[in-house]
Ligand SMILES: [Zn+2]
């Protein structure tokens, strides 16, 4: 395998399917593949992160409200520590 001089080193792994799509886009826009990758990285750097910090969670057990710092649902309510903080209590 000798792709010296042709390989694109950007310090990130580009999956083959993405690379193929980028090659096509580069060709259509009369740009080089590395230019296209640079643009892609620039785009993803500018893309705002998910507004998870503005998400409010509400414990159905103790009524505590908090803003999670992690993606997804937390395991327990930070106040009452209940793992069922997001489940309605079912009526029998
Ligand atoms: Zn709670």
- Within region 27-55, can you find the residues that are assigned to a loop (DSSP other than H, G, I, E, B) and modelled with pLDDT of 85 or more? 29, 30, 31, 32
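For region 69-89, how many residues are without any contact (Cβ under 8 Å) to a residue 24 or more places away in the chain, within 13 Å of the ligand (Cβ to nearest atom) and touching a strand residue (DSSP E or B) at 6+ places or on another chain (Cβ under 9 Å)? Quick ask: steps written out before the conclusion?
Kept after step one, since they are without any contact (Cβ under 8 Å) to a residue 24 or more places away in the chain, are these residues of region 69-89: 69-83.
Imposing the further condition that a residue be within 13 Å of the ligand (Cβ to nearest atom) reduces the set to 74-83.
Checking the rest, the ones that are also touching a strand residue (DSSP E or B) at 6+ places or on another chain (Cβ under 9 Å) come to 74, 77-79.
Here the count works out to 4.
The values are calculated or read from the model by the stated rules, or taken from the named source; none is laboratory data. Fair warning: this is a prediction, and the values are worked out from it, not measured in the lab. Reconstructed Cβ throughout: ideal geometry from the backbone, glycine too, with neighbour counts over all protein chains shown.
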